[in-house]
Amino acid sequence: MIYTNYEHLERYLGISPALDTAIHYLKTTDLATLQFGRNDVDGEEVYINRFEYDTLPQQQAAWEGHVQYADIHVVLQGEEKIGVTDVSRLRQTTQDPASDFVGYEGEVDTWFTMKPGTLLVVFPEDVHMVKVQLNGQSHVQKAVFKVRV
């Protein structure tokens, strides 16, 4: 996983071609202008889901993992925290290969504060719990890059 700020993002160029595509797009595009829903960048290799929601108490949040894609979480408005635990420490509960979704149960190892300007890149081994309240309920607008790995 990578937790960083916009100004340090170029440091991670060279890890993979798809991640490079996502980083270049992120650095040159105003993500707030994207339409809600799916936005294509490079077909199935890199695309962006833009959406909004109200954060939840941790007890109502759910784990998610992926097999084919890494996620780059970018909060555009509001704040949340994202919990991350290595896949080996959780119990799988469900899987939907068509949507590249895997559900899990278990405890959060590490919390990351997400506000505008911060980025969290989670790879398939980094199961994540999103939409969790940081300082009470917050309305979040977000872009999540899906990067094939």
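Taking the conditions exactly as written (hydrophobic (A, V, I, L, M, F, W, C), touching a helix residue (DSSP H, G or I) at 6+ places or on another chain (Cβ under 9 Å) and surrounded by fewer than 16 Cβ atoms within 10 Å (Cβ to Cβ)), does residue 132 satisfy them or not?
On the way: hydrophobic (A, V, I, L, M, F, W, C): yes; touching a helix residue (DSSP H, G or I) at 6+ places or on another chain (Cβ under 9 Å): yes; surrounded by fewer than 16 Cβ atoms within 10 Å (Cβ to Cβ): no.
No.
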- So, first residue touching a residue at least 24 places away in the same chain (Cβ under 8 Å) in the stretch 1-14, second residue surrounded by 10 or more Cβ atoms within 10 Å (Cβ to Cβ) and aromatic (Phe, Trp, Tyr), Cβ within less than 7 Å, six or more apart or across chains; the pairs are 1/123; 2/12; 3/112
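When you go through 139, 73 one by one, which is the residue that is modelled with pLDDT of 95 or more, of a type outside the set (S, T, N, Q) and loosely packed, with under 13 Cβ neighbours inside 10 Å? Give the steps one after another, and end with the answer.
Numbers: 73 fails: loosely packed, with under 13 Cβ neighbours inside 10 Å.
Exactly one residue qualifies, and that residue is 139.
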- Search the stretch 90-105 for residues being surrounded by fewer than 16 Cβ atoms within 10 Å (Cβ to Cβ) and out of contact with any Asp or Glu (no Cβ under 7 Å at 6 or more places or on another chain), and hand back the single one that is nearest to residue 48 (Cα to Cα). 99
- Selection within the stretch 119-137 - farther than 21 Å from residue 148 by Cα and outside any loop (DSSP other than H, G, I, E, B): 131, 132
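Which members of the stretch 76-89 meet the condition of being part of a strand (DSSP E or B) and either of a type in the set (A, V, I, L, M) or surrounded by fewer than 20 Cβ atoms within 10 Å (Cβ to Cβ) (or both)?
Taking the stretch 76-89 and keeping what is part of a strand (DSSP E or B), we get 76-77, 80-86.
Correct list: 76, 77, 82, 83, 84, 86.
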- Query: Across the stretch 90-118, which residue is nearest to residue 57 (Cα to Cα) among those that are in a strand (DSSP E or B) and of a type in the set (S, T, N, Q)?
  - Reply: 113
- Item | Among (1) surrounded by 15 or more Cβ atoms within 10 Å (Cβ to Cβ); (2) outside any loop (DSSP other than H, G, I, E, B) - the single one residue 15 does not satisfy | (2)
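The values are calculated or read from the model by the stated rules, or taken from the named source; none is laboratory data. Since the model is a prediction, treat every value here as computed from it, not as a measurement. No Cβ is skipped: glycine too gets one built from the backbone with ideal geometry, and neighbour counts run over all protein chains shown.
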